[in-house]
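Just so it is clear, none of the values below were taken in a lab; they were calculated from the coordinates. Computed from a predicted model, the values in this text were never measured in an experiment. Positions of Cβ are generated from backbone atoms using ideal geometry, with glycine treated the same way; all protein chains shown enter the neighbour counts.
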Amino acid sequence: MTENKSNDLKTILLAGLAVAILLSVLAPFLASSNPDGLESAAEDVIDEHTFAEMEENEPIIGALMPDYAIAGFGKAGEVGAIFIGSIFMLGLGLGVGKLFEKKI
């Protein structure tokens, strides 16, 4: 890869990172408090009694940050949880990409 292409790739990656960080900060303030599409679709398809039973069941593995938030921190906890998740997934994607990177 030439030096110019390497700089272009770094610029694109940094711009993507900046957008991800911006979205993670803004998301809690822009998100709707209404149920998401999956939850509202489940309410339409599954009868109320069965749906209530399903909500009462304990998950096999608990969520690290349930409802995309860090408990006790309000909106700052939501921003932090989304930011941490975004950085984690970007890092995971970069790691997998490096693993399967084709050496030229």
How many angstrom lie between the Cα centre of region 1-77 and the Cα centre of region 82-104? 18 Å
On full extension of the chain, what length is gained from L26 through A76, given 0.36 nm per residue of separation minus the C-alpha to C-alpha distance? 16.9 nm
Kindly state, to the nearest 0.05, the FRET efficiency for E101 paired with E56, given R0 = 41 Å and r defined as their beta-carbon distance. 0.35
Given that compact globular proteins tend to follow 2.2 N^0.38 Å, what is the ratio of the alpha-carbon Rg of the chain to that value? 1.51
Pairs of Cα atoms under 8 Å, at least six residues apart: use those to get the relative contact order of region 13-104, whole percent. 35 percent
So the number of lysine pairs in the chain with alpha-carbon atoms under 27 angstrom apart, 8 or more residues apart or on different chains, is 6
Modelled FRET efficiency - R0 22 Å, L13 with I84, Cβ distances, 0.05 increments: 0.70
Going by average Cβ neighbours within 10 Å, how do the peptides 44-52, 68-76 rank, with the highest at the top? 68-76, 44-52
Restricting everything to alpha-carbon atoms, can you work out Rg to Rh for region 62-104 with a Kirkwood hydrodynamic radius? 1.24
Once both axes come from the Cα atoms, what is the angle between helix 3-30 and the longest principal axis of the chain, in degrees from 0 to 90, rounded to 10? 20 degrees
